[in-house]
Structures are given as C-alpha cells and as structure tokens.
Amino acid sequence: MEQRTNISVPVSNRVSQIPKSAIHEMTRLSKEVDDVAFLSWAKPTSGTPEHINRAAIKAIEEGKTGGYSEPAGLYELRVEIVKKLGEVNSIEASAEEIVVTVGAIEGLCAAVMAVIDPGDEIIIPIPGYSSHVRQVVMASGKPVCVPTVEEEGFCLDIGAINNAITDRTKAIMFSDPNNPTGSVYSKEELEAIAEIACKNNLIIITDEAYEYFTFDGYKHHSIASFPGMKERVISSFTFTKTYAMTGWRIGYVHASKELIPQIKKGHIPFAICAPVVSQYAAVEALRGSQECVDNFREHYEKTRNLMCERLDRLGNIFEYQRPKGSYLMFPKIKLERGKDSLGFAKRLLKEARVSTTPGVAFRGESHLRMSFCVPEKTINKAFDRMEDYF
C-alpha cells in the first residue's frame with residue numbers, strides 16, 4: 001500500500017478558532033515546578049463535607065448508582081432543588097422546570113445551544129468567565145464582549161450593553177457573583193438588564209455558581225425572581241462551589257416549562273444524565289446541615305481580607321477592586337511588563353514559584369486572577385515569595 005504523506009486532517013472552524021486555554025496552560029506549567037504556591041485554581045481546597053461523602057457511599061452500597069437516571073435528573077433531587085430555589089433565590093419553580101446537569105458548565109452549554117442559531121449574538125460583560133465565550137463560539141454564535149467599569153468595582157455598563165444590541169442579538173449571558181472579578185451586581189443593575197431584555201425580547205442566561213459567597217453586606221439577587229422575568233431567564237447553578245464538590249460534576253438549570261424541553265434536547269447528547277452517584281450526594285447536600293456553607297463563607301471572607309492586606313503591601317505592583325463576592329479577585333498589574341499577563345504569570349511561576357491565572361483568559365489583559373479559596377498559609381507563602389521577587 002502506498003504511504004501517504006502531508007495529510008491535512010480536517011478540523012472544524014468553530015473549534016480551531018478557539019485559542020488554547022491560558023488557564024489550563026498555567027495548570028500544565030505548574031506541574032513542572034516544585035513547591036508551587038497555588039493561587040490559580042478556582043476550586044476549594046477544603047474537601048467535600050463528610051456527610052455528603054457518606055450519602056454517596058450509602059447509595060453505592062445500596063446499588064442505586066449503576067444505571068442512568070432520567071435525563072432531567074432524579075425526581076427526589078429536583079424536588080429538593082425546587083425547595084432551595086424558593087427559599088434561597090425567591091424563584092417559584094416546579095420539578096418539571098429543572099434539569100440536573102454535569103456541573104454548571106454543561107447546563108450552560110445546553111442553554112446556549114437551545115437559544116441561538118449560527119451567526120446569532122450573545123452579549124457577555126467582560127472580564128468574564130472564559131468558557132462562556134467558548135460556549136457561544138462552539139454553538140456557531142458570535143460573542144459580543146462589553147467591558148465592565150473597573151473603576152466602579154467592575155459594575156455593568158448598562159449604556160454600552162444597550163448600544164451593543166443588534167437585530168442578531170438573542171441573549172445576555174453573565175456570571176454573578178462574577179468570575180474572575182468578584183463583583184456582585186446590584187439589584188438596580190439587574191433591573192436595568194431585565195428592562196433591556198424585555199424591550200428587545202432577549203433571553204438572559206446566568207451563571208450563579210458563587211451565589212452563597214458574598215461579603216460586607218452585599219447580596220446576590222437571582223434575576224429570574226424579578227417580576228415578569230421567569231419566562232425569559234435560564235438560571236444555572238452548581239454544587240461545585242457551594243459544597244466543595246468540584247470533582248463530582250453536578251449542577252442544574254432552571255427555566256420555564258417552554259424552554260426546559262429545548263434545553264433538555266441539548267443536554268441529552270452532551271451527557272444523557274448527570275452522574276447518578278453525584279446526584280445522590282447532591283440530595284444530601286441540600287437536605288443536610290448547611291453549617292458547612294456558612295463555614296466556607298466565613299473562611300473565604302477571612303482569606304479575602306488577608307489577600308487584600310498582602311496586596312496593599314505590593315501597592316507599587318498591583319492595584320485592585322475589593323471583591324464583593326465569590327472567592328476570586330482580579331488585581332491589575334501596574335508594571336509595563338504586566339501588559340502581557342500570560343508572560344507575566346509564566347515568569348511569576350518560574351521565578352517566584354507562585355501560580356496565578358493570566359487576565360487574558362478572561363478578556364481582562366494586564367490583570368491576574370488570584371483565588372482565595374485556599375488556606376491562609378498558602379496566601380502568605382505566595383505573597384512572601386512575591387515580595388521577595390519584586
């Protein structure tokens with residue numbers, strides 16, 4: 001058989017145009033350095049609470065986890081989610097309006113697929129979570145990135161969002177509290193977004209992964225709870241952040257009875273169903289004591305305050321907006337070489353053994369994302385090293 005050379009392997013334009021993930025590149029590089037102080041991973045280091053682990057083990061021992069659940073998720077889990085949405089988010093829901101997903105990320109993918117056709121536009125405030133942009137691109141849509149106002153705590157620029165709307169705009173998509181900035185949108189900002197959506201017949205897609213983690217009296221508001229908004233909002237939530245369950249890959253979306261069947265059509269080819277063992281763990285997470293969530297929040301507030309104190313000591317290197325929520329912050333690099341945030345982060349890793357995430361990953365060049373969901377000793381180690389380095 002004649003050997004063929006110089007074969008051009010076909011790949012889709014929608015995938016090839018997506019740049020390599022700076023987040024995962026930093027993760028890969030961090031493995032090549034000994035004794036790294038990690039501030040780059042947006043995952044809790046505390047471990048999943050024991051009562052949730054025990055519930056999963058019990059479900060395995062009882063033989064409940066070997067098969068699929070129905071695509072929308074275990075009915076008993078959806079009932080618990082409905083209770084939580086009513087009590088915590090002020091969203092009136094039913095089990096038929098819930099799809100349990102493989103983390104928030106898969107639910108958001110299915111939501112985007114259900115909403116847009118090729119060439120349609122989704123407005124995304126930036127800096128924002130990098131996967132949101134990729135999800136739109138993967139659906140052959142066009143992400144329209146609108147900068148937030150950094151000097152005012154990365155608040156929404158309502159005028160710019162309104163001006164970005166065209167006849168191809170189908171939705172507005174954002175995380176709140178925000179990843180990576182730690183901003184928490186006010187009720188007034190969200191009411192303005194709701195008015196824009198109603199005026200232009202748009203869908204709103206929310207990523208509310210950090211809903212429980214707000215500080216200094218700031219409150220998280222679910223826009224689906226606003227009058228007249230339930231029918232046009234797809235709300236995505238996750239157990240990942242709330243209960244330190246990153247590896248369990250379990251989340252859910254809420255939408256109207258008209259939208260949910262379409263979202264489910266996207267969900268099934270992506271996942272069939274969420275991991276069943278994780279669904280049983282999630283049932284216990286909702287039914288069990290919520291003391292662990294309060295403890296996480298208290299810890300994150302302490303570590304946020306510590307990180308701010310340490311950043312203050314590096315005022316000639318960084319300036320920052322104090323996070324109102326999440327467990328992330330997004331300081332701006334004041335040095336000239338900080339304009340290339342990926343290069344800056346690589347040097348910081350190699351030369352100071354501190355791992356951060358470059359702002360370019362979030363459409364926020366000249367910044368670094370730093371996570372404070374870590375022990376205080378990790379923050380002190382990282383900043384001791386940065387003080388020596390700079």
Qualifying positions in region 256-270 - crowded, with 20+ Cβ neighbours inside 10 Å and part of a helix (DSSP H, G or I): I260, I263, G266, H267
Flag if S289 is in contact with a Pro (Cβ under 9 Å, 6 or more places away or on another chain), within 24 Å of L74 (Cβ to Cβ) and part of a loop (DSSP other than H, G, I, E, B): yes
Those residues of region 168-204 which are among the acidic types (D, E) and in contact with a strand residue (DSSP E or B) (Cβ under 9 Å, 6 or more places away or on another chain), in sequence order: D176, E189
Any hit, region 43-64, residues being closer than 30 Å to S355 by Cβ, in contact with a Lys or Arg (Cβ under 8 Å, 6 or more places away or on another chain) and assigned to a strand (DSSP E or B): no
Residue that is nearest to E301 (Cα to Cα), among those in region 313-325 that are part of a loop (DSSP other than H, G, I, E, B) and in contact with a helix residue (DSSP H, G or I) (Cβ under 8 Å, 6 or more places away or on another chain): P323
Qualifying position, being under 19 Å from Y212 (Cβ atoms) and among the aromatic types (F, W, Y), among Y280, Y300, Y320: Y300
Of the criteria (1) modelled with pLDDT of 85 or more; (2) surrounded by 10 or more Cβ atoms within 10 Å (Cβ to Cβ), which one E32 fails: (2)
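Among what's in region 326-343 and is more than 21 Å from the chain's Cα centre (by Cα) and part of a loop (DSSP other than H, G, I, E, B), pick the residue that is farthest from L306 (Cα to Cα).
First, the residues of region 326-343 that are more than 21 Å from the chain's Cα centre (by Cα): 333-340, 343.
Among the residues that remain, those that are also part of a loop (DSSP other than H, G, I, E, B) are: 334-335, 340.
Details: K334: 21, L335: 23, D340: 27 Å.
The extreme case among them is D340.
Out of region 233-290, which residues are among the charged types (D, E, K, R) and farther than 17 Å from A55 by Cβ?
K241, K257, E258, K264, K265
Considering each of A114, A110 in turn, give the residue that is of a type in the set (G, A, S), surrounded by fewer than 24 Cβ atoms within 10 Å (Cβ to Cβ) and assigned to a helix (DSSP H, G or I). Give the steps one after another, and end with the answer.
Working: A110 fails: surrounded by fewer than 24 Cβ atoms within 10 Å (Cβ to Cβ).
When all the criteria are applied, what remains is A114.
When you check T303 against the structure, is it more than 26 Å from H221 (Cβ to Cβ), of a type in the set (S, T, Y) and not in a loop (DSSP other than H, G, I, E, B), yes or no?
Considered against the rule, which asks whether it is more than 26 Å from H221 (Cβ to Cβ), of a type in the set (S, T, Y) and not in a loop (DSSP other than H, G, I, E, B), T303 comes out as no.
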Residue count for region 157-204, restricted to those that are among the hydroxyl-bearing types (S, T, Y), closer than 26 Å to Q321 by Cα and either touching a helix residue (DSSP H, G or I) at 6+ places or on another chain (Cβ under 9 Å) or assigned by TED's automatic domain parsing to the domain that holds R363 (or both): 3
Near pairs, Cβ below 9 angstrom, 6+ apart or cross-chain, from region 83-100 (at positive phi) to any residue that is at pLDDT 95 or above: S90/H221; S90/S222; S90/A224; S90/S225
Out of T303, T246, sole residue that is of a type in the set (V, I, T), surrounded by fewer than 20 Cβ atoms within 10 Å (Cβ to Cβ), within 30 Å of R322 (Cα to Cα) and in the same structural domain as C373 (by TED's automatic domain parsing): T303
Residues of region 341-390 satisfying the condition of being in contact with a Leu (Cβ under 7 Å, 6 or more places away or on another chain), of a type in the set (A, V, I, L, M), over 16 Å from S130 (Cβ atoms) and surrounded by fewer than 24 Cβ atoms within 10 Å (Cβ to Cβ): L349, I379, M386
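The values are calculated or read from the model by the stated rules, or taken from the named source; none is laboratory data. Source: prediction; values computed, not measured. Cβ atoms come from the backbone with ideal geometry, glycine included; neighbour counts cover every protein chain shown.
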